[in-house]
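Working notes, beginning with the structure itself.
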Amino acid sequence: MHRSSRFAVFGIGRYGTQIALALASKGAEVVTFDNNPVRSEQIKDEVALALTMDTTDIRNLQRQRVQDMDAAVVAIGENFEATVLTALNLLDLGVPRVIVRANGENQQRILSSLGVKEILSPESEVASVISERLIHPSIGGFLQLPDDYEIAEIRVPESCIGRTLGSVDLTNRYELRLITIRRMFPAVSEKDEPTEHIIGVPKADMVIEATDTLVVFGTLTAVKRFLDINT
């Protein structure tokens, strides 16, 4: 991870605290925001900076240069109005990635309509998984398995585009087993949208395309090594 990786976590209840601590444990610079001074006091020694403020006021965020963060996680669980206003402020400030917690389908629909692209469901999203997605943006998502193994979705590194699967040699070179490829296909007509399809069992002579997502089985260490070498 690059040393300049900086993340903001808004709302440091149990869920937000887990995400902040997971990010900090990986060496990221983490700034937390909460309107409860007791919570900020409890976490201040574990993160780079713990601030107590009203994040629904965009001027407060501007003063803290939140717009310079690599990503922001909004985990305000008890106040959906504050969640919405904080998320809108972050989108208006142009934060590159805005990830927001939602409780239930209605909140997910509202956040999606506001332009939030990444929405968390605390029931299914573990804090350690969120931290890995933030630290390694090329990992679209993954399913943790026993013994440090996982099934990961990897956005194709630029150096692999135009090469065959055989020449990349995921199995022997990186100890990763390719399960399948998710590929975007162009629209058939102007009225249609591009569609994504699964390439059943890819063969060694298949050429990797820029829109591909590789679905692989292996350890997180092996996934990181593949990305580090090819990015």
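The values are calculated or read from the model by the stated rules, or taken from the named source; none is laboratory data. All figures in this text were calculated on a predicted structure; none of them were measured in a lab. Glycine gets a Cβ as well: all are built from the backbone with ideal geometry, and neighbour counts include every protein chain shown.
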Being touching a strand residue (DSSP E or B) at 6+ places or on another chain (Cβ under 6 Å) and closer than 18 Å to Gly162 by Cα narrows it down to one residue among Thr231, Thr211; which is it? Thr211
Under the condition of being of a type outside the set (S, T, N, Q) and not in a loop (DSSP other than H, G, I, E, B), which residue from segment 189-215 is farthest from the chain's Cα centre (by Cα)? Val207
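Matching residues to (1) crowded, with 16+ Cβ neighbours inside 10 Å; (2) within 22 Å of Ser121 (Cβ to Cβ); (3) touching a residue at least 40 places away in the same chain (Cβ under 8 Å):
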{"site": "Arg6", "(1), (2), (3)": "yes, no, yes"}
{"site": "Gly11", "(1), (2), (3)": "yes, yes, yes"}
{"site": "Gly16", "(1), (2), (3)": "yes, yes, yes"}
{"site": "Glu29", "(1), (2), (3)": "yes, no, no"}
{"site": "Arg39", "(1), (2), (3)": "yes, no, no"}
{"site": "Asp68", "(1), (2), (3)": "no, no, yes"}
{"site": "Ala72", "(1), (2), (3)": "yes, yes, yes"}
{"site": "Leu85", "(1), (2), (3)": "yes, yes, no"}
{"site": "Gly94", "(1), (2), (3)": "no, no, no"}
Against the definition (touching a helix residue (DSSP H, G or I) at 6+ places or on another chain (Cβ under 8 Å), surrounded by fewer than 22 Cβ atoms within 10 Å (Cβ to Cβ) and farther than 18 Å from Arg14 by Cα), how does Leu111 come out, yes or no? no
Which of the helices (runs of 4 or more DSSP H) contained wholly in segment 1-118 include at least 1 residues that are under 17 Å from Glu132 (Cβ atoms)? 14-25
Would you please list the contacts, defined by Cβ atoms under 8 Å and residues six or more apart or on different chains, that run from a residue in segment 171-198 that is free of Cβ contacts under 8 Å to residues at least 40 places away in the same chain and in the same structural domain as Arg225 (by TED's automatic domain parsing) to a residue that is among the hydroxyl-bearing types (Ser, Thr, Tyr) and part of a helix (DSSP H, G or I)? Leu178/Thr171
